[in-house]
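Here's the structure we're looking at; comments come further down.
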Amino acid sequence: MNVAELLTNKLNSNQLVLTEFESKELLQEIGIQVPDQRLTSTKEETVSVAENMGFPVVLKLMAEDIVHKSDTGAVKLNLRSNDEVGQAFDELMKIPSQTEKRISVQKMADEPITELIIGMTTDAQFGPALMFGIGGILVELLEDVSFRIAPITEYDAKEMIHEIKGFPILDGYRGKPKADIDAIVDTLLKISDLVIKHEEIHEMDLNPVFIYNKGLICVDARIILKKKEDKN
Ligand code: ADP
Ligand code: MG
């Protein structure tokens, strides 16, 4: 399914929140890398999908009423065997939820240099605003993020990356490898392009994006739509 189809389908069924799975499908469509992912329902299916995907894998409980998955124990990382996957499945299914439960089986991504957060919100006055920051504790405690109104240029994207206080973490801090800045620039430009083309996207949250010396991968995402305004 292409991006326009995906968005139209959701809007036609009056669903404004894309699941993590759908959000990452959309990102993949626009050329942003995400881990292999499959939705399953039964234990047998989950184990067989995991085995075919190749260990280690991650299982996440997908349910409409669970938003912050790790807070409720809905993320099981680094599963390395059929037994571990089966046990994780049982534990996930015990988590209370009022809505339909499914499991997202994902490839476990390699440990990054650091986690990033890339987002988009709609400003009442200026329209789509892009956000960039280092993920985890730095975002929450220090509010170390940069903003630009879309559309952005390559120059804007580079500025967004360089102006955060945590930039040294991306630049080979304490002997760590340097982060692939071009990959971040490319991702910011793709998001900018997407939200300019699709006004019906109200909010996006890629949290976290794993950044490496070469490339990046988005392991969790959430996209929220708004009803298309009547143009009269
Ligand atoms: P939450 O809804 O709590 O934000 P996430 O899907 O972001 O749940 O998962 C929580 C954390 O688990 C992430 O911040 C990341 O560190 C790790 N994680 C999630 N998915 C993967 C994956 N596919 N590979 C490696 N680590 C992952
Ligand atoms: Mg997350």
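Observations on the model:
- Note on the stretch 188-227: residues that are away from ligand 2 (no atom under 16 Å from the Cβ) and not aromatic (Phe, Trp, Tyr) total 21.
- Candidates are the residues of the stretch 57-73 that are more than 6 Å from ligand 1 (Cβ to nearest atom) and among the hydrophobic types (A, V, I, L, M, F, W, C); the one that is most open to solvent (accessible area, probe 1.4 Å) is Val67.
- Subset of the stretch 122-138 [within 25 Å of Phe210 (Cβ to Cβ) and in contact (Cβ under 8 Å) with a residue 24 or more places away in the chain]: Pro128, Leu130, Phe132, Gly133, Ile134, Gly135, Gly136, Leu138
- Some residue of the stretch 112-124 being more than 30 Å from Val185 (Cα to Cα), within 14 Å of ligand 1 (Cβ to nearest atom) and at pLDDT 95 or above: no
- Looking across the stretch 76-121 at every residue that is over 21 Å from Asp205 (Cα atoms), of a type in the set (Val, Ile, Thr) and in contact with a helix residue (DSSP H, G or I) (Cβ under 9 Å, 6 or more places away or on another chain), the one that is surrounded by the most Cβ atoms within 10 Å (Cβ to Cβ) is identified as Val85.
- When the helices (runs of 4 or more DSSP H) confined to the stretch 145-232 are screened for residues that are of a type in the set (Asp, Glu), those reaching at least 2 such residues are found at 154-162, 181-197.
- Among the residues making up the stretch 125-158, a single one is in contact with an Asp or Glu (Cβ under 8 Å, 6 or more places away or on another chain), within 16 Å of ligand 2 (Cβ to nearest atom) and at pLDDT 95 or above: Gly133.
The values are calculated or read from the model by the stated rules, or taken from the named source; none is laboratory data. As the structure is a computational prediction, the values presented were derived from the model and not from experiment. Glycine also receives a Cβ, built like all others from the backbone with ideal geometry; neighbour counts cover every protein chain displayed. Keep in mind that these areas ignore ligands, DNA and RNA; they rest on the heavy atoms of the full protein, side chains included. Shrake-Rupley method; radii C 1.70, N 1.55, O 1.52, S 1.80 Å.
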